[in-house]
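The values are calculated or read from the model by the stated rules, or taken from the named source; none is laboratory data. Just so it is clear, the structure is predicted and the values come from calculations on it, not from any experiment. Cβ sites come from the backbone with ideal geometry, for glycine too, and all protein chains shown count toward neighbours. SASA here: full protein model, heavy atoms, side chains in, ligands and nucleic acids out. Shrake-Rupley method; radii C 1.70, N 1.55, O 1.52, S 1.80 Å.
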Amino acid sequence: MASRHRRIALAAASAALLTPFVIGCSAIDKALDCAQTASAIAQSASDLQQAVQDAAENPLEADKALDEIDKNLDEITEKTDNTDVGKAVDDISAAVDNVRQAIKDGDPTPDVGPVVDATGELTKACSP
């Protein structure tokens with residue numbers, strides 16, 4: 001239930017980022033692309049939380065969610081050269097690597113909090 005509330009909060013925050021005027025300005029276009037990708041990463045982080053909770057039933061779901069986050073991080077890196085966004089991407093990447101390592105080491109319930117926290121920082125960094 002908590003992950004549902006977090007998912008709704010993340011969706012609302014993402015929607016708020018996407019609401020500003022949509023003008024043909026490349027800076028705003030980049031910010032919107034960043035915000036959209038940040039929203040996708042937030043959804044993947046939420047999926048990761050659920051996958052970790054259900055790891056006993058389907059351990060491969062966590063790997064899928066981590067792979068999806070990595071894919072979105074690559075996409076956002078290609079779309080922006082903003083240093084704050086870059087730092088947030090680095091933080092998410094490090095958190096994802098830690099979760100991956102914990103799973104590899106046999107931790108049935110790795111801490112995904114740092115992934116979620118870093119995703120929030122990315123959403124802030126992508127604000128136009």
Residues of segment 102-128 that turn out to be of a type outside the set (Gly, Ala, Ser), more than 15 Å from residue 61 (Cα to Cα) and part of a helix (DSSP H, G or I), as a count: 9
Every residue from segment 56-96 that is without any contact (Cβ under 8 Å) to a residue 40 or more places away in the chain, in contact with an Asp or Glu (Cβ under 9 Å, 6 or more places away or on another chain) and among the small types (Gly, Ala, Ser): 65, 88, 93, 95
Residue under evaluation residue 62, criteria (1) at pLDDT below 85; (2) of a type in the set (A, V, I, L, M, F, W, C); (3) under 17 Å from residue 39 (Cβ atoms), criterion not met: (3)
Residue match in segment 55-63 (condition: open to solvent by 80 Å² or more (accessible area, probe 1.4 Å), among the charged types (D, E, K, R) and outside any helix (DSSP H, G or I)): yes
Neighbours by Cβ (under 6 Å, 6+ apart or cross-chain): first from segment 109-123, of a type in the set (Gly, Ala, Ser); second open to solvent by less than 20 Å² (accessible area, probe 1.4 Å) and assigned to a helix (DSSP H, G or I): 118/92; 118/95
Output for segment 86-106, where each listed residue is open to solvent by less than 70 Å² (accessible area, probe 1.4 Å) and either among the acidic types (Asp, Glu) or farther than 14 Å from residue 42 by Cβ (or both): 86, 91, 93, 94, 99, 100, 102, 103, 106
